[in-house]
Ligand SMILES: Nc1ncnc2c1ncn2[C@@H]1O[C@H](COP(=O)(O)OP(=O)(O)OP(=O)(O)O)[C@@H](O)[C@H]1O
Ligand SMILES: [Mg+2]
């Protein structure tokens, strides 16, 4: 008998993150599953409010247990993290699993120098001396492109511009060479040159330490340039999941089509009109029955067979595929006829 294959670096199953509020239970993430192997980059896309940040924060156990109901499984190298003792999570965070948050001001302390904040996880997790950690912090500042890193080391966050602070956050996340890096819109605040530089740096880290990256971004150009796999989220669930080639090249979910025609890309073709997806994301307290995207979808009439979009909630197949009742062949034909011409600008 062949030995069992090693578990994926990260395995998420039926993840649910619900927030009790005065208005009702907000189901911000409601049944999300995916795997991520070492050395791979997963791009996570979806409109604002689709649950990208909430889902990835749950991987790190960052939600307050008093105010959040978290369910399902999050396994890191086979080890269950949901419900794991805070002490155990604290040993993983900033060390083997690191995050770059969407908003650097909430994550950086205004009271400590940036050098100290970068060095701190290195001292705590690696047992480095004060001097070693200082050298490492200077090295990290240099690697993320901060000029004069030795003197800037002793500055405070407010002495840096927004883009610089974002780079400091990235230095802090990378200081222990994590196995899993969660980067939540890591480059949104940066100009295009710095953006490319930072993304290259993330990919360099991935090569060096064989780590995996979850890259949350609104920018499909970034996804197509850097991600191996793409997870499209809608209303707290996976609308479509596959390799970047499948999801960007031959998408099968009408929501993915909408994103492709509504989002700018790095290589935005001149003159291509961006077409917003009509309507708004559904209530997460009272989601519509059946498919959550149905009220905005132009294709329910194209669905044949016994399943009804307004009644039966489509499940994404295990592994890769769309959570949609359209027949695969019909979806491919519709994409080719109705969506592709809009993307290429050719009739
Ligand atoms: N503590 C909370 N209590 C109630 N609702 C919350 C809480 N935190 C997040 N939400 C809701 O959960 C949903 C998902 O939020 P999340 O921040 O994950 O979206 P996102 O996909 O990251 O969006 P963006 O692209 O704007 O960053 C949103 O509707 C948000 O309002
Ligand atoms: Mg977010």
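The values are calculated or read from the model by the stated rules, or taken from the named source; none is laboratory data. The structure displayed is predicted, hence computed values, not measured ones. As a convention, Cβ positions derive from the backbone with ideal geometry for all residues, glycine included, and neighbour counts pool all protein chains shown.
Listed here are the residues, each with its yes/no results for (1) touching a strand residue (DSSP E or B) at 6+ places or on another chain (Cβ under 6 Å); (2) touching a residue at least 60 places away in the same chain (Cβ under 8 Å); (3) surrounded by 13 or more Cβ atoms within 10 Å (Cβ to Cβ); (4) on the phi < 0 side of the Ramachandran plot.
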residue	(1), (2), (3), (4)
65	no, no, no, yes
70	yes, no, yes, yes
88	no, no, no, yes
102	yes, yes, yes, yes
127	no, no, no, no
Practice task
Please specify each residue of the range 213-238 satisfying the condition of being away from ligand 1 (no atom under 14 Å from the Cβ), crowded, with 24+ Cβ neighbours inside 10 Å and in a strand (DSSP E or B).
Solution key: 213, 230
Handout entry: Single residue of the range 175-190 satisfying the filter (at pLDDT below 90 and within 11 Å of ligand 2 (Cβ to nearest atom)) that is nearest to residue 51 (Cα to Cα)
Key = 185
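Sort out which residues of the range 169-189 are away from ligand 1 (no atom under 16 Å from the Cβ) and surrounded by 19 or more Cβ atoms within 10 Å (Cβ to Cβ), and write them in order of number. Outline the logic, then answer.
Going through the range 169-189, the residues away from ligand 1 (no atom under 16 Å from the Cβ) turn out to be 170-181.
170, 171, 172, 173, 174, 175, 176, 178, 179, 180, 181, listed by residue number.
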Fill in the blank from the handout: If you go through 42, 15, the only one that is within 16 Å of ligand 2 (Cβ to nearest atom), in a strand (DSSP E or B) and under 13 Å from the mean Cα position of the chain (by Cα) is 42
Problem - Test set (1) away from ligand 2 (no atom under 16 Å from the Cβ); (2) touching a residue at least 40 places away in the same chain (Cβ under 8 Å) - residue 60 fails condition number - result: (1)
Exercise for the section: Give 115, 145 a once-over and let me know the one that is on the phi > 0 side of the Ramachandran plot and buried (at least 16 other Cβ atoms within 10 Å of the Cβ). Expected result: 145
